[in-house]
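Single-structure report; data block below.
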Amino acid sequence: MNLDFAQLVPSIPYITYGIWVTLQFVAVSLVLGFLWGTVLSLFKIGKIAILRWFADAYTSVFRGTPLILQMLIIYYAVPQLTGMDIGAFAAGVLTFALNSAAYISEIIRAGINAVDKGQKEAALALGIPYQTMMLKIILPQAMKNILPALMNEFITLTKESAIVSVIGALDIMRRAQIVGASNYRFFEPLLLAGLIYYLLVMLLTLAGRMMERRLAKSD
Amino acid sequence: MIDVTGLKKSFGSNEVLKGITTKINKGEVIAVIGPSGSGKSTFLRCLNLLETHNGGSIKLDGKETGQLENHLRKKVGMVFQHFNLFPHLTVLENITFAPQQVLKIKKKEAEKEALELLNAVGLADKADAYPSRLSGGQKQRVAIARALAMKPEIMLFDEPTSALDPEMVKEVLQVMKNLVKTGMTMVIVTHEMGFAKEVADRILFMDDGRLVEDEKPAVFFENPKTERAQVFLEKVL
Ligand SMILES: Nc1ncnc2c1ncn2[C@@H]1O[C@H](COP(=O)(O)OP(=O)(O)O)[C@@H](O)[C@H]1O
Ligand SMILES: [Mg+2]
């Protein structure tokens with residue numbers, strides 16, 4: 001066994017700075033994914049057939065192809081098609097937002113469908129317009145079913161975000177690889193990266209549990 | 001005020017309403033009774049377009065209701081078996097939500113009216129409570145107040161006491177009796193025969209998607225004409 005963590009010590013701040021990059025990346029992706037996912041879910045439960053079809057097809061494509069492929073296509077295709085170089089971070093955010101929107105739209109749809117049908121009928125009977133009913137009556141109740149699943153999506157994104165290192169974004173993973181390459185020792189920095197990801201996931205899991213408990217209390 | 005002619009409704013191949021013709025006049029209290037599955041709820045839901053009918057017509061003041069969805073919903077209030085209060089809103093917010101959103105009444109004004117209605121149903125002290133803190137009877141009284149806040153001209157009730165524990169039935173029936181005294185037009189699906197007999201001007205007896213009898217309570221309960229009504233009454237009385 002030949003491990004040498006002493007050599008890694010000077011590079012630790014460089015790697016841990018990646019936590020910030022990774023979290024920023026995941027948070028922005030998640031917020032964008034949530035907004036777009038909400039729109040898609042409203043398409044899915046709406047009355048307009050073409051929008052329903054679009055949202056279903058969209059979800060099917062994004063769930064049915066590898067994430068890394070989607071990312072490479074966006075990273076290389078956007079500059080090729082538009083002449084605009086969007087950079088690794090933006091390409092990654094765009095990919096993760098578009099991809100997670102597909103999953104989130106399913107989460108929200110399920111959350112909305114789980115709201116008692118009587119709520120919609122009561123709102124209709126009171127003459128409340130569809131949009132108001134959705135935004136102020138149905139969605140707030142659906143959130144209770146949605147938040148825990150959304151937290152899971154957050155965790156999944158945090159782990160999967162490591163693939164943005166492939167296109168060179170300086171996240172935890174990429175930084176660990178760079179340190180490994182310059183020291184000719186990969187095991188130690190990768191182990192550190194693994195530990196950081198694990199702690200992040202545990203923290204998010206804990207936060208999710210606390211949130212669920214608070215939601216349960218308001219019943 | 002409402003004219004129903006040859007009303008038909010099917011769910012898939014299951015014909016649930018097989019041609020209902022009747023009239024609801026202003027100020028009338030109508031009790032709809034009949035065995036479970038006979039189409040009472042569906043009839044009521046067609047009246048305020050929660051279901052769209054497949055045949056016949058429903059006219060409100062001479063106009064086909066299909067074309068006046070929003071107008072109709074403002075005129076017709078509905079109370080459900082399972083209350084359907086909005087759980088994330090307080091009692092007061094439950095009542096003021098639609099007047100503010102639909103009738104564009106100012107918040108202060110809506111709250112003032114809501115408190116008057118809560119007073120009338122005996123729940124002024126629950127204004128800030130959430131529905132989960134209320135008993136079934138209290139929930140249903142709030143639901144009635146919520147519907148009344150829209151100042152409807154007709155109130156529809158679908159088995160308003162069927163989901164309640166026996167000791168709470170009375171308080172809800174009392175609120176409905178008070179409403180009868182105000183001259184409100186009401187259509188009430190109910191299994192409370194004593195209540196129907198006491199407050200209704202007419203009894204509509206439905207069986208298997210048909211309107212079998214349309215009578216004054218005295219006539220219906222003493223001398224039901226059809227055998228189906230006789231059999232039903234023997235079972236429930
Ligand atoms: N949304 C629906 N979809 C399919 N069938 C329904 C639906 N609503 C009611 N039915 C059917 O219509 C019939 C009449 O139901 P309903 O009007 O609820 O009767 P009642 O209120 O008299 O008990 C029943 O056979 C019921 O199964
Ligand atoms: Mg029924």
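Just so it is clear, none of the values below were taken in a lab; they were calculated from the coordinates. All values reported here derive from a predicted model rather than from experimental measurement. Cβ: placed from backbone, ideal geometry, glycine included. Neighbour counts: every protein chain shown.
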With the condition kept exactly as written, say whether any residue in the stretch B:10-22 is away from ligand 1 (no atom under 16 Å from the Cβ), outside any helix (DSSP H, G or I), over 18 Å from the mean Cα position of the chain (by Cα) and surrounded by fewer than 21 Cβ atoms within 10 Å (Cβ to Cβ). yes
What is the number of the single condition among (1) within 16 Å of ligand 2 (Cβ to nearest atom); (2) more than 14 Å from chain A (Cβ to nearest Cβ); (3) of a type outside the set (Asp, Glu) that B:ASN48 does not meet? (2)
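Which one of A:ARG213, A:ARG175 is over 29 Å from A:PRO66 (Cα atoms), assigned to a helix (DSSP H, G or I) and not hydrophobic (A, V, I, L, M, F, W, C)? Don't jump to the end; show me each part of the working.
Numbers: A:ARG175 fails: over 29 Å from A:PRO66 (Cα atoms).
Among A:ARG213, A:ARG175, only A:ARG213 is over 29 Å from A:PRO66 (Cα atoms), assigned to a helix (DSSP H, G or I) and not hydrophobic (A, V, I, L, M, F, W, C).
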Close pairs from the stretch B:11-30: first away from every other protein chain (no Cβ under 14 Å), partner of a type in the set (Val, Ile, Thr) and within 16 Å of ligand 2 (Cβ to nearest atom), Cβ under 8 Å, at least 6 apart: B:VAL16/B:THR42; B:LEU17/B:THR42; B:ILE24/B:ILE30; B:ILE24/B:VAL187; B:VAL29/B:ILE188; B:ILE30/B:VAL187; B:ILE30/B:ILE188
Any idea which residue in the stretch A:127-143 is nearest to B:LYS74 (Cα to Cα), counting only those that are more than 9 Å from every other protein chain (Cβ to nearest Cβ) and free of Cβ contacts under 8 Å to residues at least 12 places away in the same chain? A:TYR130
Complete set of residues in the stretch B:144-166 that are in contact with a helix residue (DSSP H, G or I) (Cβ under 8 Å, 6 or more places away or on another chain) and assigned to a helix (DSSP H, G or I): B:ILE144, B:ALA145, B:ARG146, B:ALA147, B:LEU148
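Checking the structure you have, find out if any residue of the stretch B:62-84 is in a helix (DSSP H, G or I), free of Cβ contacts under 8 Å to residues at least 12 places away in the same chain and crowded, with 16+ Cβ neighbours inside 10 Å. So that I can check it myself, show each step before the final result.
Here is the first cut: in the stretch B:62-84, the residues in a helix (DSSP H, G or I) are B:65-67, B:69-75.
From what's left, free of Cβ contacts under 8 Å to residues at least 12 places away in the same chain: B:67, B:70-71.
Then keep just the ones that are crowded, with 16+ Cβ neighbours inside 10 Å; that gives none.
Taking every residue of the stretch B:62-84 in turn, none turns out to be in a helix (DSSP H, G or I), free of Cβ contacts under 8 Å to residues at least 12 places away in the same chain and crowded, with 16+ Cβ neighbours inside 10 Å.
Name the one entry in B:LEU148, B:LEU134 that is more than 16 Å from ligand 2 (Cβ to nearest atom) and over 18 Å from B:ILE188 (Cα atoms). Before the answer, list the steps.
Working: B:LEU148 fails: over 18 Å from B:ILE188 (Cα atoms).
Just one listed residue meets the conditions, B:LEU134.
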Evaluate the following for B:SER41: is it within 14 Å of chain A (Cβ to nearest Cβ) and either in contact with a helix residue (DSSP H, G or I) (Cβ under 8 Å, 6 or more places away or on another chain) or within 11 Å of ligand 1 (Cβ to nearest atom) (or both)? yes
